[in-house]
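Visitor: Before we start, here is the structure in question, set down as structure tokens.
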Amino acid sequence: MKTDNWTLGNRSFSSRLLVGTGKFSDNATMLRAVEASGAELATVALRRFNRERPDEDLAGPLSRLPGLVLMPNTSGARDADDAVRLAMLARELCGSPFIKLEIHPNPHHLMPDPIETYEAARVLVKEGFHVMPYMGADPALAKRLEDVGCVSVMPLGAAIGSGQGLRTRELLKLIVRDSGVPVIVDAGIRAPSEAAAALEMGCAAVLVNSAIAAADDPVVMAESFAKAVVAGRAAWQAGLMPVSDSASPTSPLTAFLPA
Amino acid sequence: MNPAPSYWAESAPWRAFADRASDRDVTAALAHSESGPKELAALLSPAAGRRLEDLARKALALTRRHFGRTLSLYVPLYLSNHCSGGCAYCGFAADRQQPRMRLDSARMEAEMEALRAMGFDDILLLTGENAPEADFAYLRDSVALAARRCHRVAIETFAMTREQYADIFAAGCAGVTLYQETYDPDTYRHMHRWGAKTDFAGRLDAPARALAAEARSFGLGALLGLADPVGEMLSLFLHLTALRKMFWKAEYSVSFPRLRRQAGEFRAPHPVDDRRLAQLIFAMRICLPTVPLVLSTRESAAFRDGIAGIGITRMSVASRTTVGGYRRCEPDTDGQFSVCDTRDPVAFCDALRRQGLQPVFKNWDAALR
């Protein structure tokens, strides 16, 4: 059977849905949702690692889920120095080479800081991390981050937790067109249809957290996202018909003319 | 009196709007996506007081969106009740007759031990106004000691200079809480009878001094009961939004301390009842959707359980407002205020979980210092 795996660094993955682990009402629900999503990569904030209180530690129980790779994130970092320190500690604690680089110093809107993100990415790549930077949907920045050795880029669809969908659609298309590394849409996605749309436009994967955690039934929502991502990817491979501004007749109007 | 800082904006025009806001103004404010002082005034109005359920629904949706189904927890640790201040409403004021003490480092270690055993990792250190027995150097050393024991240490003490704030952050302090107490200058003058705290403008500018020294987080608040609560909330909102423009990397939080009975028999001139307090919290949540809103154990278990996750996203728990209260190895002193919700962390967390909220003891890491 033909496989459709994709790679990050030296690891191959089949699921194109990545999940976040914050905002859930309890760990048991979070774990069931992660399992239902079929995700092979889940992100956890280092600040929610808590070895002293297993009842609220997010990293411990996730690391015991079979087939799941942890991708710690640097949420809480205000600048490159903070992010590098958090990344080092996270690798020490959970051993994963993946780091989701998040530097969003303004808590009011949580928009990523491109300058600090770029600086931290340079340092962390040299330190041997598989760096996955959360970034604004800026095509030039995406190439710059690829050039310094990031294994993916993670442009936002809309603000974190906003549920506004793919507001950056036109910029995402430019990033996908030019990118030599997987493009993962991170943040803004509310509905499975939006995740499918991201895959349909050629994104390699999506990362979803709030839309699952805030659903009335997070487990069923996680399953729905898993199906949507599969459908979106298949549609991309099948080749979407072009958008046209006029009707196209199924029988040619010029058939009566000699060839 | 010193002039107010240049970024300070008067809330009076918005206060007048709150008095006359109509039901339509409330509907418009609820539908608005970027709420400013006009929307806040409408949501604080008597007309909005009749639509509390609508406000609560909007507040819940925004809280869920930005904070999920979680509630972060912290615990206060009173280091000292020595106080040079003369706040008319406070149980620690210098003219109250009560035993005074401060924790030395051994007793502080014991208190920290007791708190760590309860699972706390986010600690708020408190003192009275700057006094020779509990001065800046004592506070800085206490912060350093606490920072060796837990991930997040914050302070709620006296207003400081920018240089002192820089020193205290270097010692490991991650956040400052400092209430203006009241934003009404006349009430402020009347309530603060002597000492450094009589300087209204100086206190108003203290958050900017801390933030200029790169405070990571700053908690604002008005002591509810001292002055008209609508004016207080509007001024606090303008204060926070002005600070946020200047210091955009900091996290801000807002507390809702409501005056309760304490030593000295102070009676609040503008008492705030439960419905009113809920309205203030909902209105602030709607207008400050990303800002953590904080409620202490001054409030009842029933009120705290009801409002957890609707607007409030952060609470103290199991608080003792006396010095040396956790090990109970000290002679009894009067607390700064009386605790109403006396549940231990286990009972409190069980109540949160029953309503589908996850208590979070650690949401910070020492690596961020």
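Visitor: Across every pair of different alpha-carbon atoms, what Kirkwood hydrodynamic radius in Å does chain A reach? The partial results should precede the final answer.
Guide: Details: mean 1/r = 0.0529 Å⁻¹.
Answer for chain A: a Kirkwood hydrodynamic radius of 18.9 Å.
Visitor: Still on this model: Picking from B:ALA4, A:PHE225, A:VAL123, whose Cα lies most toward the positive end of the charge dipole for the protein assembly as shown (charges on Cβ: Lys, Arg +1; Asp, Glu -1)?
Guide: A:PHE225
Visitor: How much net charge surrounds A:LYS143 when only the other residues with a Cβ under 13 Å from the Cβ of A:LYS143 are counted, with Lys and Arg +1 and Asp and Glu -1?
Guide: Details: positive: A:ARG144, A:ARG177; negative: A:ASP138, A:GLU146, A:ASP147, A:ASP178.
Local net charge: -2.
Visitor: How much net charge surrounds B:SER235 when only other residues with a Cβ under 12 Å from its Cβ are counted (Lys, Arg +1; Asp, Glu -1)? Walk me through the numbers on the way to the answer.
Guide: Details: positive: B:ARG15; negative: B:GLU10, B:GLU181, B:ASP184, B:ASP228, B:GLU232.
Surrounding charge for B:SER235 is -4.
Visitor: Give the average, rounded to an integer, of partner chain Cβ atoms located within 10 angstrom of each Cβ in A:108-114.
Guide: Values: counts 11, 2, 2, 0, 0, 1, 0.
Taking the mean over all residues of the peptide, I get 2.
Visitor: Could you tell me the relative contact order of region A:74-154? Use alpha-carbon pairs under 8 Å, at least six residues apart, and round to a whole percent.
Guide: Numbers: 134 pairs, mean separation 22.7, N = 81.
In percent, rounded to a whole number, it is 28.
Visitor: If you don't mind, there's one more thing I want to ask. So what's the angle, to the nearest 10 degrees on a 0 to 90 scale, between helix A:80-94 and the longest Cα principal axis of chain A?
Guide: The answer is roughly 80 degrees.
Visitor: Continuing with this model, one more query. Per residue of A:45-55, count partner chain C-beta atoms within 10 Å of its C-beta, then hand back the mean as an integer.
Guide: On the way: counts 3, 4, 10, 6, 2, 8, 1, 7, 7, 0, 5.
Mean shielding by partner chains, rounded to a whole number: 5.
Visitor: OK, next. May I ask you to sort B:HIS151, A:HIS109 by Cβ crowding, counting other Cβ atoms within 10 Å and putting the fewest first? Please report the intermediate quantities before stating the final value.
Guide: Working: B:HIS151 21, A:HIS109 11.
Placing the least packed residue first, the sequence is A:HIS109, B:HIS151.
Visitor: While we're on this one: On a C-alpha basis, how far is the centre of region B:194-242 from the centre of region A:130-193 in Å? Whole number, if you could?
Guide: That distance is 39 Å.
Visitor: Here is a follow-up. Order these by the 10 Å Cβ neighbour count, fewest first: B:LYS197, A:LYS126. Spell out each step's value before the answer.
Guide: Details: B:LYS197 22, A:LYS126 11.
Ordered from fewest to most neighbouring Cβ atoms within 10 Å, B:LYS197, A:LYS126 come out as A:LYS126, B:LYS197.
Visitor: Moving on. Please give the net charge around A:GLY232, taking every other residue with its beta carbon less than 11 angstrom from that of A:GLY232, where Lys and Arg add +1 and Asp and Glu add -1.
Guide: Working: positive: A:ARG16, A:LYS227, A:ARG233; negative: A:GLU194, A:GLU200.
Local net charge: +1.
Visitor: Given springs between every Cα pair under 10 Å in a Gaussian network model of chain B, which of B:MET246, B:MET108, B:MET233 has the largest fluctuation?
Guide: Result: B:MET246 has the largest fluctuation of those listed.
Visitor: Let me ask something else about it. How large is the charge dipole for the protein assembly as shown, taken about the Cα centre, if only the Cβ atoms of Lys, Arg (+1) and Asp, Glu (-1) carry charge, to the nearest 20 debye? Present the calculation step by step, with values, prior to reporting the outcome.
Guide: Working: 73 positive and 72 negative charges, 130 e Å.
The calculated dipole for the protein assembly as shown is roughly 620 debye.
Visitor: Over region A:1-114, what per residue volume does the convex hull of the Cα atoms give, in whole Å³? Display every interim value, and only then the final one.
Guide: Values: hull volume 14.7 nm³, N = 114.
So the per-residue Cα hull volume is 129 Å³.
Visitor: List the residues, sorted by chain then number, that are 5 or more residues from A:HIS130 or on another chain and whose placed amide H is less than 5 Å from its amide H.
Guide: Amide H neighbours of A:HIS130, under 5 Å, 5+ apart: A:PHE98, A:ILE99.
Visitor: Tell me the mean residue ellipticity at 222 nm calculated for chain A from its helices only (DSSP H runs of n ≥ 4, each -39500 (n - 2.57), averaged over every residue, nearest 500). Working shown, then result.
Guide: Details: 9 runs with 97 residues, N = 259.
Roughly -11500 deg cm²/dmol at 222 nm, from the helical runs in chain A.
Visitor: Next up: Quick one: A:VAL185, A:VAL243, fewest Cβ neighbours within 10 Å first, how do they rank?
Guide: Values: A:VAL185 32, A:VAL243 5.
Least to most surrounded, the residues fall as A:VAL243, A:VAL185.
Visitor: Can you give the alpha-carbon Rg of region B:71-363 over 2.2 N^0.38 Å, where N counts its residues? Intermediate values should be presented prior to the final figure.
Guide: On the way: Rg = 17.6 Å, N = 293, 2.2 N^0.38 = 19.0 Å.
Relative to the 2.2 N^0.38 Å estimate, region B:71-363 comes out at 0.92.
Visitor: Still on this structure, I have one more. Helix-only mean residue ellipticity at 222 nm, chain B, DSSP H runs n ≥ 4 weighted -39,500 (n - 2.57), per residue, nearest 500. What is it? Display every interim value, and only then the final one.
Guide: Values: 15 runs with 150 residues, N = 369.
Counting only the DSSP helices, I get -12000 deg cm²/dmol.
Visitor: Region A:197-259 to region A:63-119: how many Å between their Cα centroids?
Guide: A separation of 31 Å, based on Cα centres.
Visitor: Using only Cα atoms, locate the centre of region B:279-302 and the centre of region B:141-188, then give the distance between them in Å, rounded to an integer.
Guide: The distance from the Cα centre of region B:279-302 to that of region B:141-188 comes to 21 Å.
Throughout, read-outs are computed from the coordinates displayed, never taken from laboratory work. Since we're looking at a predicted model, the values are computed, not measured. A quick note on method: Cβ atoms are made from the backbone with ideal geometry, for glycine too, and the neighbour counts reach across all protein chains shown.
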